[in-house]
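Readers should treat all values here as calculations from the given coordinates under stated rules, not as data from a laboratory. On a predicted model such as this, the values are computed, not experimentally measured, just so you know. Cβ placement follows ideal geometry from the backbone for every residue including glycine, while neighbour counts extend to all protein chains displayed.
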Amino acid sequence: MRKKGLISALLERSPLPPPPSPMKIPTFVFAALSLTASVPAFAAPGIPAAAITQKNVKIEKIQPAVVGTPQFTITSTTAKRSPELKWLEIEVEFAVEGVDMVDELTFKFDALLNGKLCPGEVTHINIPKGKDRYTIMYVSPRNLERITDGKPLNPSMITNAWVTILRQGQVLAVSSMKEKGKPVPNMPLTPGMLSPKADTPFAPLWTDRYEAVKPGTR
């Protein structure tokens, strides 16, 4: 009995602490959560690029020319001389209108040379708006010999050249060097005769004149 009375006296002097109150969350946390819930996400989808149509691309000129192999001066090696041979170049001037940039354009060449229809293709990327845009194709001296059957190239052998501009398979422009509107003849092809600039000795020249070539497509 004495022990029980002692415990009661201690409880009366030191009452038990009150139960803990619920955790309080600062007011600013509620405000932040409320704002997050009410504001839409900022990660909106990108604006689609403008459609490219026939109105945006125009072929201005197709100009062939016979040029010699470029000569370079080099040092620290033995000079090796060879006869200066002739190349045929086919340069195309075109324009991009109504859009700031075209992601890529494929240029399909068909050159009718000495009765042989020679195809070629090159794709350019990131072509900005404006005139005086250029692309080019070459026929090497050895290929010219095959085309002309070993005879010197003369202007009458360059019968015509057609250029078709495509984007993702869609035809945007077609033109020819002569006889505008005349279609490419339906005849057997002589492939492998045309080479893009990057596959010729002209590769390091005039890089500011010609549009960038899509890697792996030249």
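Step by step: first the residues of segment 89-121, then only those that are in a strand (DSSP E or B) and in contact with a helix residue (DSSP H, G or I) (Cβ under 6 Å, 6 or more places away or on another chain), then the one that is surrounded by the most Cβ atoms within 10 Å (Cβ to Cβ). Which residue is that? If we take residues in segment 89-121 being in a strand (DSSP E or B) and in contact with a helix residue (DSSP H, G or I) (Cβ under 6 Å, 6 or more places away or on another chain), then 113 is surrounded by the most Cβ atoms within 10 Å (Cβ to Cβ). Tallying residues that are closer than 21 Å to residue 67 by Cβ and surrounded by fewer than 19 Cβ atoms within 10 Å (Cβ to Cβ) within segment 122-141 yields 3. Looking across 153, 144, one residue alone is part of a loop (DSSP other than H, G, I, E, B) and buried (at least 16 other Cβ atoms within 10 Å of the Cβ). It is 153.
Taking residues in segment 153-168 that are touching a residue at least 12 places away in the same chain (Cβ under 8 Å) and farther than 18 Å from residue 85 by Cβ, and partners anywhere that are not in a strand (DSSP E or B) and not acidic (Asp, Glu), the pairs with Cβ atoms closer than 6 Å and at least 6 places apart or on different chains are 160/177; 160/178; 161/177; 162/184; 167/52.
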